[in-house]
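K.L.:
One structure, pasted below without further comment.
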Amino acid sequence: MLGLKLPTDPRWANIAEKNIEEILTDHAWCEQKAASNAISITIRYPDKSELVTELLELAQEELTHFQMVHERILARGLELGKPRKDEYVRQLMAYFPQGGKREDRLVNDLLISAMIEARSCERFKVLSDNIEDQELAVFYRDLMVSEANHYTLFLNYARKYGDRKVVDQKWNALLEFEAEIMSQLGTQERIHG
């Protein structure tokens with residue numbers, strides 16, 4: 001369903017579980033950034049009323065996820081660490097050229113967002129299927145479903161606002177580029193990297 005070109009090696013879950021404090025902190029900040037991204041898109045494209053409505057709901061859901069991860073951090077006697085730079089997201093955002101037509105920028109923003117959600121969904125599935133901590137396995141299984149919905153929301157809106165053929169070409173090229181990023185970053189104790 002996701003179409004990712006480089007699946008996560010299930011052994012990544014072992015790295016994640018051995019560094020669960022780092023994973024939970026990284027995950028919490030990913031959720032916060034996802035909420036900020038949704039709000040940012042609504043600010044840049046307020047004339048897209050249907051998209052704004054959906055992204056406001058998504059932003060609220062992402063903040064709820066941030067809270068849920070934070071609660072798990074506290075329940076384990078840990079503290080929320082500082083925000084991490086996300087090299088994965090930085091490289092994805094550099095893929096499309098800056099500037100250009102407003103509609104093209106919107107489509108590009110939506111495709112980048114869809115990619116991040118797709119990888120998050122895939123990583124949550126790997127965690128839910130492969131970690132020993134059953135409470136976290138169930139938690140990540142539930143979040144996986146949300147991330148899949150977010151992925152399809154962004155991709156469907158990209159297709160709605162852009163020429164379907166062009167959008168699909170961009171999406172396929174972005175999938176290839178994302179695989180290259182993951183080949184370099186995919187074994188780190190990060191949700192995306």
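Values in this text are rule-based calculations from the coordinates and carry no lab data. The shown structure was predicted, so the numbers you read here are calculated from the model rather than taken from an experiment. We place every Cβ from the backbone using ideal geometry, glycine too, and count neighbours over all the protein chains shown.
K.L.:
Pop out the ³J(HN,Hα) list for region 46-52 in order, Karplus 6.51 cos²θ - 1.76 cosθ + 1.60 with θ = phi - 60°, rounded to Hz; leave Gly and Pro as x.
P.N.:
Those phi angles translate into x, 6, 9, 4, 5, 5, 4 Hz.
K.L.:
Given the -39500 (n - 2.57) contribution per DSSP H run of 4+ residues, what per-residue ellipticity at 222 nm results for the chain, rounded to the nearest 500 deg cm²/dmol?
P.N.:
Mean residue ellipticity, 222 nm, calculated: -26000 deg cm²/dmol.
K.L.:
Please list, in order along region 178-192, the HN-Hα scalar couplings obtained from phi with the Karplus expression 6.51 cos²θ - 1.76 cosθ + 1.60 (θ = phi - 60°), rounded to whole Hz, x for Gly and Pro.
P.N.:
4, 4, 5, 4, 5, 5, 9, 10, x, 10, 7, 7, 9, 5, 9
K.L.:
Aspartates and glutamates within cross-link reach of K160: Cα-Cα under 17 Å, excluding same-chain residues under 8 positions apart?
P.N.:
Excluding near neighbours in sequence, the set is D47, E50, E54, E103, D104, D109, D168.
K.L.:
Spelling out what I want: for every residue of region 147-163, take phi, set θ = phi - 60°, compute 6.51 cos²θ - 1.76 cosθ + 1.60 (Karplus), and round to whole Hz; glycine and proline get x.
P.N.:
3J(HN,Hα) across region 147-163, in whole Hz: 5, 4, 5, 5, 4, 5, 4, 5, 5, 5, 5, 4, 5, 5, 8, x, 5.
K.L.:
Let me spell out the model: positive unit charges on the Cβ of Lys and Arg, negative unit charges on the Cβ of Asp and Glu, origin at the Cα centre of region 12-185. What dipole size does that give, in debye rounded to 20?
P.N.:
660 debye
K.L.:
With Cβ to Cβ distances under 9 Å as the rule, what net charge do the other residues near H150 carry (K, R +1; D, E -1)?
P.N.:
Cβ neighbours under 9 Å give a net charge of -4.
K.L.:
Hey, another quick one. Name the residues of region 124-155 whose amide N is less than 16 Å from a point 7 angstrom out from the Cα of T64 along the C-beta direction?
P.N.:
Hits in region 124-155 for T64 at 16 Å: 139-151.
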